[in-house]
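Structure record follows, encoded as structure tokens.
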Amino acid sequence: MPHLGSRVCAILGVLTLPIAGCSSGGSSHSSSQGKRPAGTSVTIHVPADAPTISDAVALAKPGDLVLVAPGVYHEMVKIKTPRITLRGESRDKVVIDGRLQQPDGVVVTAPGVAVENLTVQDNTQNGILVTGSAKAAAGQTGSGGDYDTGSEPVTFLDSFLVSYVTSTRNGLYGIYAFSAQNGVIEHSYTSGGADSGIYVGQCKPCHIVVRDDIAELNAVGYEGTNASTDMYVVGNRLVGNRVGLTTDSDHQEKLLPQQGAVVAGNLVAANQQSATPEQADGGWGIGIGIDGGSSNQFVHNRVTGNTDAGVVITATQDIPPDDNQILDNTFSGNGIDLGWTFPNATAGHGNCVRGAGLRTVPSGLGASAACPAAHQTASPSGTWTAPTPPAGIPFSTVAVPPVQPQFPNAAGAPATVVPAVPAVPDTAGVQVPTASLLAATALVQTS
């Protein structure tokens with residue numbers, strides 16, 4: 001068997017940027033890595049330059065592009081090198097397939113990494129995991145499924161990008177950003193997430209933008225748990241899940257309580273699909289759920305056709321939901337449009353709504369809880385009869401996604417430079433979306 005250094009040199013010799021200093025001697029590996037001119041980068045082609053994605057990622061240095069040819073790759077890719085780009089040449093034909101035998105498809109634990117234009121599927125836990133938590137990266141959960149509830153401080157991964165990714169049929173989350181900051185999840189498609197399609201957890205301040213994504217046929221389309229401050233969910237299609245979107249506080253993660261997210265310009269519709277995985281808490285028929293979250297803004301969303309409720313505000317154990325603003329959304333065809341309920345839990349204060357003609361529980365919230373509301377104003381509580389959810393299906397049997405849009409010039413574009421802090425969306429200019437938002441590449445259509 002050739003020495004490892006010989007193999008590395010053989011691979012590096014055919015890269016886009018040749019690397020000098022390789023020889024047949026046993027010390028060639030370390031010397032070749034030191035010969036690259038400062039500030040240069042290479043493109044590592046899979047499988048032409050490296051036989052697997054993991055091999056290519058192991059060779060890559062900051063600034064490099066790992067470009068993957070069409071094929072099905074049975075591997076779990078772990079990216080530990082900062083500022084590399086992992087990109088497929090074809091979004092639907094470059095497939096990282098876990099075969100229900102591995103926990104994750106791609107695990108990112110280094111800052112500045114971009115994952116683009118590929119499909120991840122059939123993993124027992126997550127399609128893509130981006131995290132600064134060593135426990136999360138190692139899959140070391142506690143008895144309640146938590147990761148970081150000990151006394152040690154939170155460690156964040158700083159800056160990431162997930163773009164033009166399809167993630168389907170995963171046992172927990174499709175795209176999972178946990179203990180991470182300064183990131184963007186965009187132009188992606190998730191389905192078959194047995195917990196959530198897109199999940200952002202344990203960040204404060206987050207500086208995270210989730211935009212222009214499709215989440216359908218998941219237990220929950222988007223979930224933000226203990227995800228606070230500069231957390232933006234904008235322009236997404238959250239249609240045809242069991243629950244469209246939740247923002248919540250949870251004692252299983254650090255950085256309680258959840259505060260300060262902006263949810264704007266999303267289509268949140270028809271979230272009562274039976275051919276979906278069933279989450280443990282049994283939620284079904286809800287567009288937006290606010291569970292112990294506070295100081296969030298929900299503005300200019302189209303919330304339609306959710307058979308239980310368009311928006312629900314409730315408490316999480318001892319954590320009240322306070323000062324949430326429901327502003328200028330369009331509601332239609334929901335069981336009720338807006339429901340506030342605090343059974344055997346801490347009542348909220350300062351929650352308010354702006355909008356006319358809403359069907360609410362308690363009734364008349366549009367008048368009695370009009371925005372702005374003083375923080376100390378107690379939020380009234382009511383009850384209503386929710387529909388009985390049907391049994392779910394195994395996440396591995398969810399429908400195959402349709403072909404999704406490609407990353408522009410995937411094979412020719414240079415490596416992506418991930419910004420240190422993403423640009424903040426101009427949510428003041430966001431309008432209520434049409435009922436056909438991103439419908440062309442979605443399975444579940446609205447009526």
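Read-outs throughout are calculated quantities, based only on the coordinates presented, and are distinct from any laboratory measurement. Predicted, not measured: the structure shown is a model, and the values here were computed from it. Note that each Cβ is placed from the backbone with ideal geometry, even for glycine, and that neighbours are counted across all protein chains shown.
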If one builds a Gaussian network model of the chain from Cα atoms under 10 Å apart, the most fluctuating residue listed among D213, D323, D281 is D281
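Place the peptides 402-413, 199-210 in order of packing, highest mean first, counting for every residue the other Cβ atoms within 10 Å and averaging per peptide. Could the numbers behind the result be given before it?
Values: 402-413: 14.1, 199-210: 25.6.
Packing proxy ranking, top to bottom: 199-210, 402-413.
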Give me the one-decimal nm value for the distance between modelled label points at E152 and L100, 7 Å along each residue's Cα-to-Cβ direction.
3.4 nm
Can you sort M231, M76 from fewest to most other Cβ atoms within 10 Å of each residue's own Cβ?
M76, M231
Going down the table (K135/K204; K93/K254; K61/K204), which pairs top 28 Å between alpha carbons?
K93/K254; K61/K204
Burial ordering of C352, C371, fewest other beta-carbon atoms within 10 Å first:
C371, C352
Before rounding to the nearest 500, sum -39500 (n - 2.57) across all DSSP H runs of length at least 4 in the chain and divide by the residue total; then give [θ] at 222 nm in deg cm²/dmol.
-1500 deg cm²/dmol
If R0 = 30 Å, then A134 and A391, at their Cβ-Cβ distance, give a FRET efficiency to the nearest 0.05 of 0.25
Along the Cα-to-C-beta direction of V417, a point sits 7 Å from the Cα; which residues of the stretch 65-89 have their amide N less than 11 Å from that point?
none
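Which peptide among 235-247, 310-322, 257-269 comes first, and what is the full order, when sorted by highest mean count of other Cβ atoms within 10 Å? Display every interim value, and only then the final one.
Numbers: 235-247: 28.9, 310-322: 23.7, 257-269: 26.4.
The peptides rank, most packed first, as 235-247, 257-269, 310-322.
Which order results if H375, H349 are arranged by neighbouring Cβ count within 10 Å, fewest first?
Listed from fewest to most nearby Cβ atoms, that is H375, H349.
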Alpha carbon convex hull of the stretch 112-227, projected area averaged over orientations, nm²:
6.4 nm²
How large is log10 of I(q)/I(0) for the chain at q = 0.06, 0.10 Å⁻¹ when the intensity is taken from the Debye formula with one equal scatterer per alpha-carbon?
-0.26, -0.68
Quick one: among D195, D250, D55, which has the greatest mean-square fluctuation in a GNM of the chain with alpha-carbon springs under 10 angstrom?
D55
At 1.002 mPa s and 20 °C, Stokes D of the stretch 271-410 from Kirkwood alpha-carbon radius, µm² per second
132 µm²/s
How do the peptides 156-162, 121-127, 423-429 rank, highest first, by the average count of neighbouring beta carbon atoms within 10 Å per residue?
121-127, 156-162, 423-429
Within the set T276, T360, T377, GNM on the chain using Cα springs under 10 Å gives the largest fluctuation to T377
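Could you give the size of the charge dipole of the stretch 310-447 about its Cα centre, using +1 on the Cβ of each K and R and -1 on the Cβ of each D and E, expressed in debye and rounded to the nearest 20? Before the final figure, lay out the partial values.
Numbers: 2 positive and 6 negative charges, 53 e Å.
Result for the stretch 310-447 is approximately 260 debye, rounded to the nearest 20.
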